[in-house]
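Comments concern the structure below.
The values are calculated or read from the model by the stated rules, or taken from the named source; none is laboratory data. Only a predicted model underlies this, so the values are computations on that prediction, with no experimental measurement involved. Ideal geometry is used to build each Cβ from the backbone, glycine not excepted, and the neighbour counts take in all protein chains shown. In case anyone asks, the SASA skips ligands and DNA or RNA and just uses the protein heavy atoms, side chains included. Shrake-Rupley method; radii C 1.70, N 1.55, O 1.52, S 1.80 Å.
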Amino acid sequence: MTHTLRLILGDQLNADHSWFRQRDDGVLYLIAELHQETGYVRHHIQKVCAFFAAMKAFSETLSQDGHRVRYLTLDDTAGVADLPAMLQQQIDQTGAKRLEYQRPDEYRLLAQLADMSLSVPSQPCDTEHFLLPFEEIDRHFQRDKAHRMETFYRKMRQRFDLLMEGTKPLGGKWNYDPLNRHALKPQDWDSIPQPLLFANPVDEIIDRLSRHRVDTIGTLSGPLLWPITRDQARQLLAHFCHHCLPGFGRFQDALTGQAPHRWSLFHARLSFTLNAKLLHPMEVLDAAIRAFEQNDGIDLAQIEGFVRQILGWREYVRGIYWANMPGYETRNHFNASRPLPDWFWTGETRMACLHHAISQSLEYAYAHHIQRLMVTGTFALLIGADPDEVDAWYLGIYIDAIEWVELPNTRGMSQYADGGLLASKPYAASGNYINKMSDYCQQCHYDVKAKTTENACPLNSLYWHFMDRHDRELARNPRIGMVYRSWDNQPQAQRDAVLARANWCLEHIDSL
């Protein structure tokens, strides 16, 4: 007899949750593939397959551990309208007297569960995953107030005593970001590790998606290369610590279109396993710091750059998200409204940087943070792309994209649509940044040094077009205001030519 139904969402695959410490034959765990989750945005096929495969594998692990589990596929849930309807159906079928669920990390799901009306009482609990407890978010983050990651990061370092010597940061500095901006040169290529890939069969899932006419983007040929179990996630973590961490910090911002393994480089690629909760962030941090302490080939700049991403940035964007939801998802500081060009869904552009970043995203459902921020993100910012479209693209195309982490990174960091709540300036850049950090420009159709000619890099004129149309605000920003002196010192004819080139690019954006 079932007395309690416990819901497990697709990003709540935490085997160490306190729920599972005791077996109770009266508790039934419910994991379900839902049409509402495949359709609220157009997802990459690898993303859908990864979540469904991980959910199925987790259900099998729970069953092997002696728990009662019911796994529902899209076939089983095709007749229900949404999550609350599915829950009521299962309550009726099982005779459960209560529902328990872990607090969702997306506002839309939290609101849906909070507002539902079921025939039995429901009780939420914590996911037991994040390092900053949900109840403490409002102590560190306030709605509509600008915050800065560095301040938060230092508090977290002190709180968890990571890379610390007493009350001081190890090595005397909190942040080694200036040492984390090296470009890859051909002599560095041999040090790039071969990525660890898996071969998880997902044919049944693909058939199910096709049968239910789930509209996806991207490609998947053969087995799924991403980890879908805790064991596979731990293998990928060990691979990162041993093979990638020695060069991670130094090259974490590097871009290349020519080096072997150019899509993976030194990156951990653990974000899907973290966001699905197959791994705990402290488990990841402990493993990386242990590798640093045991390997003389890993210097402080490498490990600090990684710790900053997990302990600092990941927890920081979650705080920004929950402090400002609902409402954050509609912010549009620059009133941007331009549609994304069609080639964002094909990669078919003559701009080498955009071609590489988008084609890679379509092929692997993955791009590292600089490709997302400084290539596709910067382009969208410069053209004045509608943040709603940008959000939907990022949320759909990346395997690790869940709204709590995607929305602040995109609408806040990348598009500055929150007006500076998350970041202190718009991350606008011309082709010079791409040329400095990558080898993309060497084989590009456009000339990265030119601004006004027919073959001039579009980023150059679009950068000044963006700065010019927002000059009243940005000229007052102490972090970027000085660039206007360069602009103002140029002859009017030159400025007019740059803006004319930008306008031409905007008018012909689908053929760039």
Quiz item: Within the stretch 429-459, which residues are closer than 14 Å to Thr376 by Cα and outside any helix (DSSP H, G or I)?
Solution: Ala429, Ser430
Self-check item: Single residue of Ala456, Ala475 found to be at pLDDT 95 or above and not polar (S, T, N, Q)
Solution: Ala456
Self-check item: Qualifying positions in the stretch 335-349 - surrounded by fewer than 18 Cβ atoms within 10 Å (Cβ to Cβ) and either closer than 30 Å to Leu170 by Cα or aromatic (Phe, Trp, Tyr) (or both)
Solution: Trp345
Quiz item: Hey, does the stretch 68-90 have a residue that's under 23 Å from Ala365 (Cβ atoms) and among the charged types (D, E, K, R)?
Solution: no
Quiz prompt | Tally, over the stretch 474-494, of residues that are under 23 Å from Lys425 (Cα atoms) and open to solvent by less than 60 Å² (accessible area, probe 1.4 Å) | solution = 8
Quiz item: Out of all the residues in the stretch 258-277, which are assigned to a loop (DSSP other than H, G, I, E, B), open to solvent by less than 10 Å² (accessible area, probe 1.4 Å) and either farther than 16 Å from Leu245 by Cα or among the polar types (S, T, N, Q) (or both)?
Solution: Ala259, Ser264, Ala276, Lys277
Quiz item: Before we move on, is Arg308 within 30 Å of Arg103 (Cα to Cα), open to solvent by 10 Å² or more (accessible area, probe 1.4 Å) and either among the aromatic types (Phe, Trp, Tyr) or touching an Asp or Glu at 6+ places or on another chain (Cβ under 9 Å) (or both)?
Solution: yes
Quiz item: In the stretch 125-167, which residue that is β-branched (Val, Ile, Thr) and open to solvent by 30 Å² or more (accessible area, probe 1.4 Å) is nearest to Leu99 (Cα to Cα)?
Solution: Thr151
Quiz item: Among the residues of the stretch 427-449, is there at least one that is among the charged types (D, E, K, R), open to solvent by 10 Å² or more (accessible area, probe 1.4 Å), more than 30 Å from Glu37 (Cβ to Cβ) and within 28 Å of the chain's Cα centre (by Cα)?
Solution: yes
Practice problem: Could you grab the pairs with beta carbons closer than 9 Å, sequence gap of 6+ or different chains, first residue in the stretch 54-65 and under 14 Å from Gln12 (Cβ atoms) and outside any helix (DSSP H, G or I), second one open to solvent by 10 Å² or more (accessible area, probe 1.4 Å) and among the hydrophobic types (A, V, I, L, M, F, W, C)? | Solution: none
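Residue-by-condition table, conditions (1) at pLDDT 95 or above; (2) assigned to a helix (DSSP H, G or I); (3) more than 22 Å from Glu315 (Cβ to Cβ):
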site	(1), (2), (3)
Ile91	yes, yes, yes
Gln123	yes, no, yes
Arg143	yes, no, no
Arg154	yes, yes, no
Arg159	yes, yes, no
Exercise. Say whether the condition of being surrounded by fewer than 17 Cβ atoms within 10 Å (Cβ to Cβ), part of a helix (DSSP H, G or I) and of a type in the set (Lys, Arg) is met by at least one residue in the stretch 20-41.
Key: yes
Quiz item: Could you give every pair whose Cβ atoms fall below 8 Å, whose first residue belongs to the stretch 254-273 and is at positive phi, and whose second residue is polar (S, T, N, Q) and open to solvent by less than 10 Å² (accessible area, probe 1.4 Å), counting only separations of at least 6 or pairs across chains?
Solution: Leu265/Thr256
Quiz item: Among the residues of the stretch 65-104 satisfying the criterion of being open to solvent by less than 20 Å² (accessible area, probe 1.4 Å) and more than 26 Å from Asn275 (Cβ to Cβ), which is nearest to the chain's Cα centre (by Cα)?
Solution: Ile91
Quiz item: How many residues does the stretch 294-305 hold that are in contact with a helix residue (DSSP H, G or I) (Cβ under 9 Å, 6 or more places away or on another chain) and open to solvent by 20 Å² or more (accessible area, probe 1.4 Å)?
Solution: 4
